[in-house]
Structures are given as C-alpha cells and as structure tokens.
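Structure record follows, encoded as structure tokens.
The values are calculated or read from the model by the stated rules, or taken from the named source; none is laboratory data. What you see is a predicted model; the values in this text were computed from it and never measured. Cβ sites come from the backbone with ideal geometry, for glycine too, and all protein chains shown count toward neighbours.
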2 protein chains.
Amino acid sequence: MSADLVQLVTALASRARAASLGLATAPTAAKNSALRQLADLIDAAHPALLAANAQDLASPEAAALTPAARDRLILTSARLQHLAESVREVAVLPDPVGDVLEDFTRPNGLHIRKLRVPIGVIGIIYEARPNVTIDCAVLCLKSGNACILRGGKECFHTNTALVALIAQALSASGLAVDAVQLVPTTDRAALLTLLKLDSLIHCIIPRGGESLIRFVAENSTIPVIKHYRGVCFVYVDAAADLAMAEAITVNAKASRPSACNAAEQLLVHQSIAGKFLPAVARALAAQKVSLRCDAASAAILAREKLPHSAATAADFTTEFLDYVIAVRVVDSLDAAIATINRDSSNHSDAIVTANAAAARRFLAEVDSATVYWNASTRFTDGFEFGYGAEIGISTDRLHARGPMGLRELCTHKFVIEGTGQVRG
Amino acid sequence: MSADLVQLVTALASRARAASLGLATAPTAAKNSALRQLADLIDAAHPALLAANAQDLASPEAAALTPAARDRLILTSARLQHLAESVREVAVLPDPVGDVLEDFTRPNGLHIRKLRVPIGVIGIIYEARPNVTIDCAVLCLKSGNACILRGGKECFHTNTALVALIAQALSASGLAVDAVQLVPTTDRAALLTLLKLDSLIHCIIPRGGESLIRFVAENSTIPVIKHYRGVCFVYVDAAADLAMAEAITVNAKASRPSACNAAEQLLVHQSIAGKFLPAVARALAAQKVSLRCDAASAAILAREKLPHSAATAADFTTEFLDYVIAVRVVDSLDAAIATINRDSSNHSDAIVTANAAAARRFLAEVDSATVYWNASTRFTDGFEFGYGAEIGISTDRLHARGPMGLRELCTHKFVIEGTGQVRG
C-alpha cells in the first residue's frame, strides 16, 4: 500500500487520540448539547442527506447489494426523523463517566477510588448501514470516547454527509471536531493499517456479518469486541406448562427470525414430546416456520401427519436467521444442558419448566451470556434490559458479555490520594 | 507443522473446555480443599521438585539464560515453602463466583440478575518461571476457570512435576484433573495452534517480557489481556512539600527498579526546580540512581556540581528497569499533564502537591490506569490494593485495567426468570 495512505490513517488516528483526552473530561452538558444539536441538524438536513443517499444508491456497489442490504442503506424522511429521535433519547440518558465503582481506604491511609472513565478511542468497522454511523458516534460521544468510523463503500456519501453534521454539532458545543472521524477512504489497505494502530486506538467494534467480524478479529492487534450472531435454544422440560412452552417457542422463533436472539433450536423432553410436539408444530406452521427434525421428533410428527423434514447434522448447530427451526428430543435435563453447552453459541438459551430445581440447574450450568427460565430468548437486548441504548450484543466473555450499553463503552481508572505514603 | 501436534493441542484444549463446565459450578469448599492439598503436596515433595528443577538448570537452554532469568528459574526449599504458603493464602480468599453484580425487575416482570461467573478456559503463556505455574493455576482454579499452561522450555521438567501435584490435588478433591493442563511440548508451532483455538479457549494471559506479549497479541485470535511494563512518572508540582516529593521520588524509583510500577521519569515544575532538583539528586545518588537530564535540569545540577548526564530523546519514553531516571523541568501543570499523556505508558503516574485544585486536574486529566496524589507509584499492586491476589497488572483498557485479581478472572452472565413473558 502507499505510504500516503498509512500517513493519512495514522494522522487521523492521532487527531482522534488527541481529541479523546479532552472529551474524556468534557462536561455532561456539553456532550448532551452536541447530541441535541445533532438531532436538530439532522431534522433540518433531510434534502442534503437524501441527496447524498441517492448518490450512494445509484452507485454500482449499491446495485450489487442483496435486497435486504439495499433496504438497510436507504434513508427516507421517516427514517431520518426516527434517527434524530434516537439521538435525543441518548441525550437524556445518564452519563456513565465518573461513576464510583469502588471506594475504600487501606490501612496505610491510601484512599483508593475506582472510577468509570471512557475507554479512549474506539474504532467502529461496519457495512452499508447509515444508521450505524449515527448510533455509534452518538453512543461513543455520550460515553466520552472519540471514535473512528469506517463504514462500507456503498454508504460513503451518506456517511460523509452525516459526519459533517456531527462535526458541526461538536463545534457548536465547544467539543473537538476530531472526536468523531470518518475514514475518508474505503480502501481495505487503510483498514488493515487502522487495525494495527494499537498505541492510538484502544478498542475495535466490528458491526456486521460474521465474515467482517472474523476479518477484523484476525487482523487487529487492538482488542476487538465481537458481536457474532446467536444459535439460541429453547428447552421444553418434562415439567413445562405446555401452553407457556408453545407461546415462548413461537415467540422466540418467529417474532423476528433475523435477530441474533431468535431461537434456532428446540429441545423437547421425551416424556412430553408426544403431546407437545404436535401442538407446537401446528403453532409454528401457522407462522410459516418449517421444522427440521431428529428421528424421534420426526416419528411423532409423522404419526400426526404434520409437515416436517429430516435434519442434517449441520442443522443442529446452524443459525438459520429464517423461518426454520431444528428439533430434537432429549431424554433428560442433563442431556439438554450438555447439548446446549456443546451446540449453542452461548448467546441466549431458555428452559421452560415448572420445576424450580431443574430451572436452577439449567440457569447455573448452561454456560451462556443470557439464560432464561420461562421467558423468550428475544429479550436479550439493551433496550429490553432497560439500558436505554445498545451498541451491540457482545458474544465475547471479556469486558462486555451480552447487551452492551453506555457503561460497557467505558473502562475505569484508579484514583489514589495519599499523604506522602511510600512503599516499604 | 505436523498434524499430530495440531491434534494433540486441540485435544488438550477440548479436555480443558469440558473440565471448565464442571469447574464453573464447583463448590467453593472443593476448590479450597484442592488448594490446601496442593500446598501440602508441595511441602511433601521438595526432593522430587528440586530434582526436576536441577534437571532443568543443567539443560543447555538454562545455560543460555541471563543471571536474573536463571535466578527466577531456581527453586529452593525456602522458595517452595513460600510457594505453598501463597497457595494457602488463596484458599482463604473469598470466592468471586456467584457475586450478584446487578439485580432488577423490569416492568414486564422479568427478574434480571447479572452474576459473576468464571470466564471458562484461560491460556497462560509464560517464560522460565516455575512460580507462575503455581500462581496462575491456583488463581484460575479459585476463580472457577480451567487453565492451559504453556511455560518456557527451560522450565519444562519443573513444570511437569508441579502440574502432576496439581492433578493429584484436583483428583483428591473430586475435581476434574483436566482443569489444569500443561502443554506437553514447548514447540512454537504448538503455541501458534493454541492461539487460534478461539472456540475452546476464552482468554489468553501472556506473562513475561514485551516481546513475548507482542508475539502472543499478534498471533492470537483469542482475546489477550496484556501486562506490558510501565513508563511511570512522578510530577513535582510548584506547590509540593519538597521533603515529601523527595521521599516519594526516591521510593518510586529505587525501592524496586525492576518493577513495572517503578518511576522512570521525573518532571519538576520550574518554580521549585532550583531548590528541589539538587536535593533529590543527592538523595537519588545515595541510592546509586543516575540522572539523565534535559537542558534545564542539567543546568541546575551543573551549577551545584552534582553528577548527571544529558538525556537523549529516547530516554524520555524509556522504561529503564534500572537505577536510572530521566529528568525534565516543565513550566506548568498543563505541560506536565500533556507530557505524561504523550510519553507515559498510562500505567501509574503521580503528582506531589499541596494544591488540591492542581491535584484534582492531574487525577482527572492524566489518562492512566492508576493516578496518585502524594503517594508513590509503587502501590500499583493487587496485594497493596487489598485484593489478596494478583495475576498481573493489566495495561489494557478492556475487561481489566490495573491490578488484576480473582474478580478480574471472571466474566458475568445474565440470569433471567420469567412467568411466560414473550416479546411484543
């Protein structure tokens, strides 16, 4: 790659790092003012934003997108209004910076406080979704982090227009405009340079499909917080309330199959399979969900002449993201737990049972970020948790696991006050 | 590399992963029993351990070590007694697993708890230090994590003997012996395989010099928690108590220069430099510390005919780990903060001042893991913080930052109890 590109990306990251130092101690009022101004600027700039978006939509890159991906690229006035509203919602959330996490005094008199502080500079690597530009910039800003945005090439003009508004809002609120920066090229070599700048950038969050996330994780020397999708399970126990189990299974699968917290896998205890499976199969069929079954579940559905197909081995670890669910009969709670710990992606898994002892074992022994007793897996979500915001759902175990809000965009520092203490 | 080696390392990691699931919910009493038995086994095995250690010390690899590195490899009966005692100390620490971090009920009735749980499988990559084998295995065990130990080849026989004792202690306490595993080869290809097993291993902690840590960070697709060393600063403000400043500077530099929390850099406000620098130079000289000075500080020391040398530009960002300190005069608090944020490693930095407003600005604006007001940087340590244990001092910002004890070896899970809730 060219030396110019290396220099450009390094200079951009250096400016973001410098801006991050000021932003880390910026008053909450200034950050909220910038957010409110940004919302107003978005409201006032519909024509310019829609024109930039039209330019992107007319590009050959946009023509190559799938219909679903193209839809996510499209801005409309209604979507812009919604975007501005989401910015205003972040403005009223509590500022996480400065929270006291620990506060204690040692026998030698040292007063130690562990305080929540911004991480520093966060790199966001994403695809052709203009809403990610605003969502991520806004959450980073509120949590006192500078951010470097590297969006997809299909979205470049829209992103440039949006980031110009962010710069205007920052400037009008007395904050450094370098705090939010768009990488001005979608050259992959520039991305590779960025991912090695571990002395200037402190955290990388890729937002997109699994291949993007894997590429980033494999090429970054900066810590990456990953948001892979989910292979989520619902286990219907011997002691389940079957009407509740049916409602939960249908909701977990069919309320939004494209979500990472949607169920992909159903496990049914053998003692209730003969009764439960035909009922849930009918309810799922009514939602146009097709069933891929192991031999035991297939036999039950075949007896009742209910539609289903035989699952392949791969189906039992697949994230369909579609109106498809894989079904297995298990002979015990132990088998259910072992199956989930082997085949799930440790994202969100549920048990339906009236047996509290079985539920407690499931909740303790299933090694997933979120485990449910008698509720749909679909609640794994920062808004549903009441966090008021969500930058993603971490499938990592370090730093953030599960829904990731403003607090998870922070680290901490130890602030220690003494009276001249030295170590013996 | 050979397919055999890949298979061997993968099988070992699979066994560790399986063991981690059981260990995650193991009773505190069983873990503590294993720790106490391990301490007793170490006490009883001095002859065998010293024989294994002698075999390592006689190897050509050990002969190539520096005297300091060779010293760290050597076991003695006194060191083994100390090691057993450190294991007993971990046994009496509180178990971090199960701590309730959040507990709330949503308007829809969902009861959400965020509980502290083990990370899972932790890989420890280290050099020729047998105490790391015990320290890390013991802290992982207490925090409910399985661990995979990959020590240096100079230490292989000693490590093998130690891990055999750990297996005996695990087995005697009813815990899976696979919970602590030594990679049975020090082949670098085996290490490279290990660092890509991101579906079986959840966290890598390299313990050793910067080149080892960089190698691991660059080659791992598993999240790495890094423990780089420190370029720590002491800033003596215009309003400092000069006797206190002298005591803190001498302690921060000379009490243990090889430690990562030792000061390497001294900044002195110009208004007190003429008085403070000669005094601190004499006190440091008494500890055999040599001073590498900028022009302003050199001029002051030259006037008093005190020994010093001219610093190079590199000295101002160097971790000497030796009886050497770099010295600069700054003309303001702002300059001190900017210098530290540019040149320090963001590990531990101190201000000495009687001016509370200056101190507050320093504590807020210096972007380091640990910031001190009127105390030595040498207190950055898990034991000094009262954490009872320390697996290292993280220089990362994600997950753990600063001293890393048992709690930092844990992640969390969300445990959600409902009454049939589905998402609308």
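Among the conditions (1) surrounded by fewer than 16 Cβ atoms within 10 Å (Cβ to Cβ); (2) more than 25 Å from A:Ala239 (Cα to Cα), A:Ala295 misses just one, which is (2). Among residues of the range A:374-413 being surrounded by fewer than 24 Cβ atoms within 10 Å (Cβ to Cβ) and of a type in the set (Phe, Trp, Tyr), the one that is farthest from A:Ile124 (Cα to Cα) is A:Phe385. When restricted to residues that are assigned to a helix (DSSP H, G or I), surrounded by 21 or more Cβ atoms within 10 Å (Cβ to Cβ) and touching a helix residue (DSSP H, G or I) at 6+ places or on another chain (Cβ under 7 Å), the range A:335-373 contains 3. B:Lys196 fulfils the conditions (1) of a type in the set (Lys, Arg); (2) part of a loop (DSSP other than H, G, I, E, B); (3) under 19 Å from the mean Cα position of the chain (by Cα) except for a single criterion, (3).
State whether one or more residues within the range A:171-187 are at pLDDT 95 or above, in contact with a strand residue (DSSP E or B) (Cβ under 9 Å, 6 or more places away or on another chain), surrounded by 21 or more Cβ atoms within 10 Å (Cβ to Cβ) and small (Gly, Ala, Ser). Yes, some residue in the range A:171-187 is at pLDDT 95 or above, in contact with a strand residue (DSSP E or B) (Cβ under 9 Å, 6 or more places away or on another chain), surrounded by 21 or more Cβ atoms within 10 Å (Cβ to Cβ) and small (Gly, Ala, Ser). Restricted to the range A:188-223, and to residues there that are under 15 Å from B:Thr221 (Cα atoms) and hydroxyl-bearing (Ser, Thr, Tyr), the residue that is surrounded by the fewest Cβ atoms within 10 Å (Cβ to Cβ) is A:Ser211.
A single entry from B:Ala240, B:Ala245, B:Ala254 fulfils the requirement of being facing chain A (nearest Cβ under 10 Å) and buried (at least 18 other Cβ atoms within 10 Å of the Cβ): B:Ala245.
The lone criterion from (1) surrounded by fewer than 23 Cβ atoms within 10 Å (Cβ to Cβ); (2) touching a Lys or Arg at 6+ places or on another chain (Cβ under 7 Å) left unmet by B:Thr160 is number (2).
Counting only helices (runs of 4 or more DSSP H) that fall entirely inside the range A:54-153 and contain at least 2 residues that are at pLDDT 95 or above and more than 30 Å from B:Ala375 (Cβ to Cβ), the qualifying elements are A:77-91, A:130-142. Under the condition of being at pLDDT below 95 and more than 13 Å from chain B (Cβ to nearest Cβ), which residue from the range A:223-237 is nearest to A:Ile122 (Cα to Cα)? Result: A:His227. Among all positions in the range A:3-25, there is no residue which is more than 24 Å from the chain's Cα centre (by Cα), assigned to a loop (DSSP other than H, G, I, E, B) and either at pLDDT below 95 or buried (at least 19 other Cβ atoms within 10 Å of the Cβ) (or both). Within the range B:258-266, identify whether any single residue is part of a loop (DSSP other than H, G, I, E, B), hydroxyl-bearing (Ser, Thr, Tyr) and buried (at least 16 other Cβ atoms within 10 Å of the Cβ), and answer yes or no. Checked against the condition, which is being part of a loop (DSSP other than H, G, I, E, B), hydroxyl-bearing (Ser, Thr, Tyr) and buried (at least 16 other Cβ atoms within 10 Å of the Cβ), the range B:258-266 yields no hits at all. For A:Thr419, the stated conditions hold: it is touching a residue at least 24 places away in the same chain (Cβ under 8 Å), surrounded by fewer than 19 Cβ atoms within 10 Å (Cβ to Cβ), within 9 Å of another protein chain (Cβ to nearest Cβ) and among the β-branched types (Val, Ile, Thr).
Taking B:Ala400 as the residue in question, decide whether it is at the interface with chain A (Cβ under 9 Å from one of its Cβ atoms) and assigned to a helix (DSSP H, G or I). No: the conditions fail for B:Ala400. The lone criterion from (1) crowded, with 17+ Cβ neighbours inside 10 Å; (2) out of contact with any strand residue (DSSP E or B) (no Cβ under 6 Å at 6 or more places or on another chain) left unmet by A:Pro107 is number (1). Is it true that B:Phe385 is aromatic (Phe, Trp, Tyr), in a loop (DSSP other than H, G, I, E, B) and either within 28 Å of B:Ala336 (Cβ to Cβ) or at pLDDT 95 or above (or both)? Answer is yes for this residue. Within the range A:150-171, restricting attention to residues that are in contact with a helix residue (DSSP H, G or I) (Cβ under 6 Å, 6 or more places away or on another chain) and hydrophobic (A, V, I, L, M, F, W, C), the residue that is nearest to A:Ser20 (Cα to Cα) is A:Leu170.
Within the range A:186-221, restricting attention to residues that are over 21 Å from A:Ala19 (Cα atoms) and among the polar types (S, T, N, Q), the residue that is farthest from the other protein chains (Cβ to nearest Cβ) is A:Thr186.
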